[in-house]
C-alpha cells in the first residue's frame, strides 16, 4: 500500500488529513484503512488503547445467531461474511471455535433451532468452518459436564478473538503506514476554522485536521457536543443529532475451568436471553453476557452483584458443578453504544451501525460512528473511509483491508501450532505455554521480542509466567503500553496469573522504563 504522507505544519501545529478521536476497534480500523490509502492520520485517545468496550466484549467473531430471532438478517449476513476474513488476516488472535447449543425442553423448539442453524450456515458464505450438526449429549464429550437430562444438542461454528489485541494490531499497522497514535490525549475542543478543524486537548496540545472522525464509542455524543457551531447550524442538540444512543452494559465473569474439552456453549435461559460459556486462557471459563440499560459514568465500570448472581445462576442451571459468586476470579463490564431502534428489551436492540457525515455547507467534515459490533469493524471502517473519500482528496484507492494481514498474521489460518513448535525449536528455553502465548499474541512478530536470546536470563527481568523485560520493552516501544493494567489486562490477560509481588515488580520496572511519560 501507499505509505501515508507526513502531516504538514500550520502555525507550528501539525495538520493531518484525518484526526480520529477514540482508539477502540472502530477508530483503530478507520485509522488503518485511511493510512493505507495515503492519508496522514492522527489518533487521539483519552486513555489507553481499547480501554473500554473494545476490551470488554465476549471475545467472539460471530454472526450473532440470536440476531436471526430479531430478523436482523442483513447484519447477520454482513457479520458472517466478515468472520472468515478476520480469521484469515489475523490467525494469531482469531481462532475457530465449535459451539454446543443444548436443547432445553420448554424453551425454543428443536425445529426452530435447526432452522436457525441452517440459515446461519448458508446466509454468510461459510467456507472453511465446518457446518452445524445434531449431537447426542449423552455420548458427546460436551455432555459430560452438563446436568443429567440434556439429550439433544446442536454443534455449530464461530470464532474466538482476543479483542484488545485486535485493536492494538490495527493501530500498529496504521502506525507502520505513517499514522500518529497518541494515547492519554483527551480532546476538549473542536472548532471549525475555514477548511480545517482545530483540535484542543486536555494537555494543552493542539492539532489541525481536514476531517475529524468521532469514534468515541459510548462517549460519541460527548464528542459530538464539542462541535457547538455545527449543532447550531443544524438547530439540534447533541442528543437529537445522534438520534439518541442506547447504552447497554454487558458483564462477564471468569471462573476456574468448568470443562476439559475445547468446545464452547451457547445456553438459553427461561427469560428468553442467552449466554455463553467459553474456554478462556487455558485454565479458565468465561461466562457472559448480561444486557442491562446503563446510566451514569463510563469510567470504572464493573458488574454489579445482581449481574454476577444472574450469570452464576444461569451457569448452575446447566453445569453439574454449581457456580457461586465466591467462585469468580475476575469480572468485567463494558458499555455497548447501540443505536436506539425503539426495542423494548436491551438484548433486542440492534447491533447494527450508522455513519453520520456532516453537511458540506458546514465546512470541514465530521464523521460520527454510532453503534457497531466487533465482528463488523473492518467493513464499518472501509465504509467510513469510503464516505470520507467523497470529501477528502488525500484518500486514494479503494478498500484494501479484507486481504492484507494484520501485523504478525502473515501465516496460514491453521498454522499457529506449527509456529509454536518452530519458536520452541529456535528458543529451547521456552516452555510450551509460554511459546503458545507469544504466538497467539504476536504471531510471526514473536521473534522480534525474543531477538537473539539464548536463555531466560537473556530476556531480562522475569516478572512471572513468561512475561519478561524484553516483552515489556516491546509493548512500551511498539504497542503504546505505559501502565501495568495496559499490559496485564489489555495487551495480555496475565493479570489472571501474576501475584501481587510480581505485579509490584512490573510496576516498578515500568516506572523506571517510562518515567511516567505518555
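Within the range 91-127, restricting attention to residues that are in contact with a strand residue (DSSP E or B) (Cβ under 8 Å, 6 or more places away or on another chain) and part of a loop (DSSP other than H, G, I, E, B), the residue that is surrounded by the most Cβ atoms within 10 Å (Cβ to Cβ) is 93. Residue count for the range 90-110 satisfying the condition of being within 24 Å of residue 413 (Cβ to Cβ) and modelled with pLDDT under 95: 0. When restricted to residues that are under 14 Å from residue 36 (Cα atoms), out of contact with any strand residue (DSSP E or B) (no Cβ under 6 Å at 6 or more places or on another chain) and either buried (at least 24 other Cβ atoms within 10 Å of the Cβ) or not assigned by TED's automatic domain parsing to the domain that holds residue 366 (or both), the range 376-385 contains 3. In the range 60-83, the residue that is nearest to the chain's Cα centre (by Cα) out of those that are in a loop (DSSP other than H, G, I, E, B) and buried (at least 23 other Cβ atoms within 10 Å of the Cβ) is 62. Scanning the range 138-174 for residues that are surrounded by fewer than 20 Cβ atoms within 10 Å (Cβ to Cβ) and either on the phi > 0 side of the Ramachandran plot or part of a loop (DSSP other than H, G, I, E, B) (or both) gives 138, 139, 140, 144, 145, 147, 148, 149, 150, 151.
What are the residues in the range 290-303 that are over 19 Å from residue 496 (Cα atoms) and in contact (Cβ under 8 Å) with a residue 24 or more places away in the chain, if any? The answer is 290, 291, 292, 293, 294, 295, 298.
The values are calculated or read from the model by the stated rules, or taken from the named source; none is laboratory data. Keep in mind that what you see is a predicted model, and the values were worked out from it rather than measured. Using ideal geometry, Cβ is built from the backbone for each residue, glycine included, and neighbour counts are taken over all protein chains shown.
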